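Working notes for the structure below.
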Amino acid sequence: MGERELILLDTEVIIEILDRESDKGDELMLKIIESREEYCASSVDMHEVLYGMEKYSKNSSSVLQIPTLDFTKKDSELSVVS
């Protein structure tokens with residue numbers, strides 16, 4: 001399987017980007033666009049954001065457009081290897 005580099009958006013970055021009143025979110029989105037890199041979120045981060053949006057009755061259609069990577073058992077193992 002070929003490797004590729006992606007910008008991985010964490011929960012806090014996604015929330016900032018979605019906050020229409022956040023200058024920080026606007027800056028982050030601009031940097032992502034200017035980088036011309038592909039971006040995505042992990043399935044774990046996506047769950048956290050969607051859970052929060054459901055809890056506060058927010059429309060999640062914009063979040064569901066973010067490409068999402070599965071977080072596997074192997075990923076868990078790699079994240080703790082020192």
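Just so it is clear, none of the values below were taken in a lab; they were calculated from the coordinates. As the structure is a prediction and not an experimental result, all values here were calculated from the model. We place every Cβ from the backbone using ideal geometry, glycine too, and count neighbours over all the protein chains shown.
Note on segment 12-27: residues that are out of contact with any strand residue (DSSP E or B) (no Cβ under 8 Å at 6 or more places or on another chain) and either buried (at least 17 other Cβ atoms within 10 Å of the Cβ) or part of a loop (DSSP other than H, G, I, E, B) (or both) total 9. Which one is surrounded by the fewest Cβ atoms within 10 Å (Cβ to Cβ) among residues in segment 67-82 that are within 20 Å of L50 (Cβ to Cβ) and among the charged types (D, E, K, R)? Top of the filtered list is D70. What is the residue count in segment 33-46 for residues that are surrounded by 11 or more Cβ atoms within 10 Å (Cβ to Cβ) and over 10 Å from the mean Cα position of the chain (by Cα)? Here the count works out to 2. Against the test of being touching a residue at least 60 places away in the same chain (Cβ under 8 Å) and aliphatic (A, V, I, L, M), the options L50, L64, L69, L78 yield a single qualifying residue, L69.
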